[in-house]
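Comments concern the structure below.
What follows draws every value from the coordinates through simple rules; no lab data is involved. What you see is a predicted model, and the numbers here were worked out from it, not measured in a lab. Don't worry about glycine lacking a Cβ; one is built from the backbone with ideal geometry, like all the others, and counts go over all protein chains shown.
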């Protein structure tokens, strides 16, 4: 069975999910086992201390580097962990869930507003002008990414609170200007424009 190249956990606030990372490659070769000739007895490899000849438990094995001349530097696992302080085997994701919920909610609200906006536009426009009205609406939607870039730059410089206030103020001024300029938009008789 394949061994993971990394194991750890992902934290979502109070929920921890254990994770193991495996190599993306797969070996397609046939693996043979070793047997003693004339029997079906498997040959096993043991961890043997080369000086004493005794078997060593896996938990008693540490890593080391050969310095040459029979000298070695022995490194304990906790020393390896101390080499990289602050390193963790856990990935903390604190704001992902909140950001995902807010993004999903704003997407649903945006879709609902789009349907409401289109319905209101078509209800208040003469049927012969529906195509032009929808074309102007799509043009306005196409300009939105450019406006978003401008709002982002404004927010980065002046802060999110001021940006939200200024954009809401501009929206109120625009709606008031449209109401004054075309008061017929505020009247709806139910059968179309101009009835």
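Pull out the extension gain between residue 154 and residue 172, defined as 0.36 nm times the separation in residues minus the alpha carbon to alpha carbon distance; nm, one decimal.
On the way: separation 18, 0.36 × 18 = 6.48 nm, distance 1.88 nm.
Extending this stretch completely gives an extra 4.6 nm.
Given R₀ = 22 Å, what would the calculated FRET efficiency be for residue 57 paired with residue 28, taking r from the Cβ atoms and rounding to 0.05? Spell out each step's value before the answer.
Details: r = 34 Å, r/R0 = 1.55.
After rounding to 0.05, the efficiency reads 0.05.
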